[in-house]
Amino acid sequence: MFELLKNLSNIVGPSGFEQDVQRFILHEVKDYVDEYHVDAVGNLLVKINGNDAKFPSLVIAAHTDEIGFIVKKIEENGLIRFEKLGGFDDRILLSLPVLIKSDRGVVHGVIGTLSVHYVKWDDPNRVANHRELYIDVGARSKEEVSEMGIRVGQPISYGTECKKIGNNRVVGKAFDDRVGCALLIRFLQNIRETGAKHGDIYGAFTVQEEVGLRGASVVSAAVEPDYALILDTTPSSDTHDTLMTGTRVLGAGPCIKIVDKSLIAHPLVTQHLKKIAQDSHIPHQLEVFMGIGTDAGAIHMTHKGVSTGVISIPTRYTHTPIEVVDLEDMENSYKLLYEFVVTLNELKGKTFLDT
């Protein structure tokens, strides 16, 4: 799982520029699915045909985009102004390494910052807006930047690399939601080998989640599933920071989402997830957190409506270049996903009133 996550994490793919991520994923899954296509907005949709009519159809979704930046202006002295794609805390941007996807490949740069020797003339409490900041790619002029293949409108991501820390944890960028993508890829590769019975399974690798759940908003109409299960990360709350509540703990298993700002999960789905987690002795947590939204928010209320739930993987330092996940949480999330799919026949014909 680590190598797959590492390969996914290191790809540059901010919202609207997920092509390289989608190419990688397609290469990984195309030999394991019955159908695949890329829709008009960029979602990669795949299908494994069902082998038992007693099972409802299911779409499993994970978003491929990451938060990032876009080249906005190139100054005469070679410094680059940028705009944000997705939700950032401007306090973390100073001095970060970044990667620009240029016409000539990936270009390394850094977000500039004042030397500490100037701080005595500055207000140390002031947080610089991202529009005041700039990226330095080592160029001396606008012409040199152009020679590097850098143009206005090109995508930029954090420049950190994925690596292991501690005994079973990983740090890197874009775990939101390349972690979910890794789980879904592995599931699609393995489900047939298990010989398990299942209904039609659709995998939706969506785009532009970080800028408004845009890709997910067209998925339900395209595949018309009976149920939907979203794989995404959720910020942990297990450090000693003031705002932490200890309700989502790294290493304590996947979170079964109850509610966030975009979704009140369907009780049929959450009830079933809790049951199979208990029956299969899968460590798990219940998630009530209003600080985030997921693709579930779009999928559950588009087309005719879809009974939807979410498996959330706890992640520290979400939306920073140093997100941390626990590989055991990923393994337990995979087990929960698998058990949900192969027991989905238990929900056949049930409704909201059966909860």
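At a probe radius of 1.4 angstrom, the accessible area of the chain per residue rounds to 44 square angstrom. Counting only residues at least eight positions apart within a chain, or on another chain, the aspartates and glutamates with an alpha carbon under 17 Å from that of Lys348 are Asp52, Asp200, Glu224, Asp226, Glu339.
Comparing Leu58, Gln22, Leu96 along the charge dipole axis of the stretch 1-108, the residue lying farthest to the positive side is Leu96, per the Cβ-charge model. Within the listed set Arg192, Arg140, Arg126, the residue fluctuating most in the Gaussian network model of the chain (springs between alpha-carbon atoms under 10 angstrom) is Arg126.
Considering only Ile11, Pro124, Val324, the residue lying farthest towards the positive end of the dipole of the chain is Pro124, judged by Cα position with unit charges set on Cβ. Dipole magnitude for the stretch 111-220: computed about the Cα centre from +1 point charges on Lys and Arg Cβ and -1 point charges on Asp and Glu Cβ, it is near 360 debye. The dipole here belongs to the stretch 152-290: it is taken about the Cα centre, uses +1 on the Cβ of Lys and Arg and -1 on the Cβ of Asp and Glu, and is about 320 debye. Basic side chains Lys and Arg get +1 at the Cβ, acidic Asp and Glu get -1 at the Cβ, and with that the dipole of the stretch 1-135 about its Cα centre reaches some 320 debye.
Between Leu26 and Asn51, take the C-beta separation as r, use R0 = 25 Å, and let me know the FRET efficiency to the nearest 0.05. Efficiency for this residue pair is about 0.60. Using a simple spin-label model with pseudo-atoms 7 Å out from Cα toward Cβ, Asn129 and Ser280 lie 4.9 nm apart. When each of the peptides 342-349, 303-310 is scored by how many other beta carbons lie within 10 Å of its residues on average, the order from highest to lowest is 303-310, 342-349. Among the listed pairs Lys54/Lys304; Lys197/Lys335; Lys30/Lys54; Lys197/Lys304; Lys274/Lys350, a Cα-Cα separation exceeding 24 Å is found for Lys30/Lys54; Lys197/Lys304. Counting only DSSP beta bridges whose two residues both lie in the chain, roughly 65 percent are antiparallel. Of the residues Met290, Tyr36, Leu268, the one whose Cα sits farthest towards the positive end of the charge dipole of the chain is Met290 (charges of +1 on Lys and Arg Cβ, -1 on Asp and Glu Cβ, taken about the Cα centre).
Counting only residues at least eight positions apart within a chain, or on another chain, the aspartates and glutamates with an alpha carbon under 19 Å from that of Lys164 are Glu3, Asp176, Asp177, Glu323, Asp326, Glu328, Asp329, Glu331.
On a full-extension model of 0.36 nm per residue, what is the gain between Asn190 and Asn7, subtracting their alpha-carbon distance, rounded to one decimal in nm?
In short, 64.0 nm is gained.
Using all pairs of distinct alpha-carbon atoms, the Kirkwood hydrodynamic radius of the stretch 214-261 works out to 13.5 angstrom.
Considering all projection directions equally, how large on average is the shadow of the alpha-carbon convex hull of the stretch 271-355, in square nanometres?
Numbers: hull surface 28.1 nm².
That works out to 7.0 nm².
The Kirkwood hydrodynamic radius of the stretch 157-283, based on inverse pair distances between different Cα atoms, is 17.3 Å.
Averaging Cα coordinates gives a centre for the stretch 248-308 and one for the stretch 91-105; these two points are 34 Å apart.
Stretching the chain fully between Val116 and Arg104 yields a gain of 0.9 nm (0.36 nm per residue, less the alpha carbon separation).
Applying 0.36 nm per residue to the separation of Val288 and Phe88 and subtracting their alpha-carbon distance, the gain on full extension is 69.8 nm.
Starting from the eigenvalues of the Cα gyration tensor, five times each then square-rooted, give me the equivalent ellipsoid semi-axes of the chain, largest first, whole Å. Could the numbers behind the result be given before it?
Numbers: eigenvalues 286, 101, 59 Å².
Output for the chain: semi-axes of 38, 22, 17 Å.
Counting only Cα atoms, the stretch 9-55 measures 40, 21, 15 Å along its principal axes, largest extent leading. Shape annotation for the stretch 198-343: C-alpha extents along the principal axes are 43, 37, 23 Å, from largest to smallest.
Taking only protein heavy atoms and a 1.4 Å probe, the accessible area of the stretch 208-294 is 55% carbon and sulfur.
Note on the stretch 74-225: Cα convex hull, mean projected area over all directions, 14.0 nm².
The values are calculated or read from the model by the stated rules, or taken from the named source; none is laboratory data. In this text the structure is predicted, and so the values were computed from the model without any measurement. No Cβ is skipped: glycine too gets one built from the backbone with ideal geometry, and neighbour counts run over all protein chains shown. Just so you know, the surface numbers come from the protein's heavy atoms only, side chains and all, with ligands and any DNA or RNA stripped out. Shrake-Rupley method; radii C 1.70, N 1.55, O 1.52, S 1.80 Å.
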